[in-house]
Amino acid sequence: MVSLNKILTRGKAIYLAYDQGIEHGPVDFNDKNVNPEYIIQIAKKGKYNAVIFQKGIAEKYRKEIEKSKAPLILKLNGKTSLRKGEPFSTQLCTVAEALRLKAAAVGYTVYIGSEYEPKMLREFEKIQEEAHKNNLPVIAWIYPRGKGVKGKSEKELLAYACRTGLEIGADIVKVHWNGKNPSELKWAVKSAGKTKVVIAGGSKTSEKILLNEAKQALAAGCIGLAIGRNIWQSDKPLELTRKIKKVIWSKNLK
């Protein structure tokens, strides 16, 4: 089993996600957060367990990332929002490149339910094998999307996503949760077995809702959050970071 010590603190984590630029385009950015150096400084000052970048930013801002001492999770695949139809996120970066860029872990998205699911699973298998040979943790973004999910309940899909992460050998699985039913999330976490679960931060929401969902997620057995827009779109990102970290490392979540 690979070690997760570089990207966990006492078994829990908060990751600063900034891989949305290719997925969403620049619509999420303003004059301040469009600059990756701003994100790197948040990761540094907020003492995040890791910052998540795609290959291009990791290469071009390598010196700034290394200087910040924020561990790097390198996202190895991606897609734009321009292409329509069944979702397919293709590999854009290799494990060898991740090692060269001194990544602490790699990430890869699989859209279960898409007609392209087999291609993504095959790519993931090769990445997982090579990463583990080099003691590099693998995080699987597992998102149920495409024609195959039609008619399925959110409870079923959430648990399916977590179980898929376990079955394909991910060390951590990152999933979307709607924040509505903690018991469904608890069952999904159990379905992940020894694969750890983190919740995606999602689109911008209120601080009250965000902190409540974080508390419920940790109580359900998740180890933390991979959060982006709610932090770097915030007027006070470091203050919000401190509040979220207080929830994650709280000893009383009930």
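Six or more apart or on different chains, Cβ under 8 Å: which pairs go from a residue in the range 155-175 that's closer than 20 Å to L4 by Cα and touching a residue at least 12 places away in the same chain (Cβ under 8 Å) to one that's assigned to a helix (DSSP H, G or I) and among the aromatic types (F, W, Y)? Could you list them?
I168/F124
Looking at the range 80-93, which of the residues that are touching a helix residue (DSSP H, G or I) at 6+ places or on another chain (Cβ under 8 Å) and either part of a loop (DSSP other than H, G, I, E, B) or among the small types (G, A, S) (or both) is surrounded by the most Cβ atoms within 10 Å (Cβ to Cβ)?
Among those residues, the one meeting the criterion is S89.
Among residues belonging to the range 116-147 that are of a type in the set (G, A, S) and either in contact with a Lys or Arg (Cβ under 6 Å, 6 or more places away or on another chain) or under 12 Å from A170 (Cα atoms) (or both), point out the one that is surrounded by the most Cβ atoms within 10 Å (Cβ to Cβ).
A140
Here are K126, K75: which of them is charged (D, E, K, R), closer than 22 Å to S3 by Cα and in contact with a strand residue (DSSP E or B) (Cβ under 7 Å, 6 or more places away or on another chain)?
Step by step, each of K126, K75 is checked, and only K75 is charged (D, E, K, R), closer than 22 Å to S3 by Cα and in contact with a strand residue (DSSP E or B) (Cβ under 7 Å, 6 or more places away or on another chain).
State which residue pairs qualify: first residue under 18 Å from I65 (Cβ atoms) and touching a residue at least 24 places away in the same chain (Cβ under 8 Å) and inside the range 3-26, second residue small (G, A, S) and in a helix (DSSP H, G or I) in any location, beta carbons under 7 Å apart, and separation of 6 or more residues or different chains.
Listed by first residue and then by second, the contacts come to L16/A43.
With the requirement that a residue be of a type in the set (F, W, Y) and out of contact with any Ser or Thr (no Cβ under 6 Å at 6 or more places or on another chain), what does the range 125-167 give you?
Y143, Y160 - these are the residues of the range 125-167 that are of a type in the set (F, W, Y) and out of contact with any Ser or Thr (no Cβ under 6 Å at 6 or more places or on another chain).
Could you list, in sequence order, all residues of the range 129-143 that are in a loop (DSSP other than H, G, I, E, B) and out of contact with any strand residue (DSSP E or B) (no Cβ under 9 Å at 6 or more places or on another chain)?
Filtering the range 129-143 down to residues in a loop (DSSP other than H, G, I, E, B) leaves 134-137, 143.
Hits for the range 129-143 are N134, N135.
Based on what the data block shows, is R163 within 25 Å of S114 (Cβ to Cβ) and at pLDDT 95 or above?
yes
When you check G179 against the structure, is it more than 24 Å from E125 (Cβ to Cβ), modelled with pLDDT under 95 and surrounded by 15 or more Cβ atoms within 10 Å (Cβ to Cβ), yes or no? It would help to see each step written out before you state the result.
On the way: more than 24 Å from E125 (Cβ to Cβ): yes; modelled with pLDDT under 95: yes; surrounded by 15 or more Cβ atoms within 10 Å (Cβ to Cβ): yes.
Yes: the conditions hold for G179.
Considering the range 108-135 alone, what residues qualify as being farther than 18 Å from L92 by Cα and in contact (Cβ under 8 Å) with a residue 24 or more places away in the chain?
I112, G113, S114, E115, H132, N134, N135
Restricting the search to the range 197-236, which residues are surrounded by fewer than 21 Cβ atoms within 10 Å (Cβ to Cβ) and closer than 20 Å to N33 by Cα?
Answer for the range 197-236, where residues must be surrounded by fewer than 21 Cβ atoms within 10 Å (Cβ to Cβ) and closer than 20 Å to N33 by Cα: A200, G202, S203, K204, T205, S206, E207, R229, Q233, S234, D235, K236.
For the range 4-79, please list each of the helices (runs of 4 or more DSSP H) lying entirely inside it that holds at least 1 residues being buried (at least 24 other Cβ atoms within 10 Å of the Cβ).
Values: elements: 20-24, 36-45, 55-60, 62-68.
The helices (runs of 4 or more DSSP H) meeting that bar are 36-45, 55-60, 62-68.
Based on what the data block shows, is G193 surrounded by fewer than 17 Cβ atoms within 10 Å (Cβ to Cβ) and under 20 Å from Y143 (Cβ atoms)?
Against the criterion (surrounded by fewer than 17 Cβ atoms within 10 Å (Cβ to Cβ) and under 20 Å from Y143 (Cβ atoms)), G193 qualifies.
Scan the range 181-203 and report the pairs whose first residue is farther than 23 Å from R229 by Cα and whose second residue is buried (at least 22 other Cβ atoms within 10 Å of the Cβ) and small (G, A, S), with Cβ atoms within less than 6 Å and a gap of 6+ or a chain change.
Taking only residues 6 or more apart or on different chains, the pairs are A192/G165; T195/G165; T195/A170.
Go over the candidates K12, K6, K44, K32 one by one and state the one that is more than 24 Å from I127 (Cβ to Cβ) and within 17 Å of the chain's Cα centre (by Cα). Outline the logic, then answer.
Details: K6 fails: more than 24 Å from I127 (Cβ to Cβ); K44 fails: within 17 Å of the chain's Cα centre (by Cα); K32 fails: within 17 Å of the chain's Cα centre (by Cα).
Answer to the selection: K12.
The values are calculated or read from the model by the stated rules, or taken from the named source; none is laboratory data. The shown structure was predicted, so the numbers you read here are calculated from the model rather than taken from an experiment. Reconstructed Cβ throughout: ideal geometry from the backbone, glycine too, with neighbour counts over all protein chains shown.
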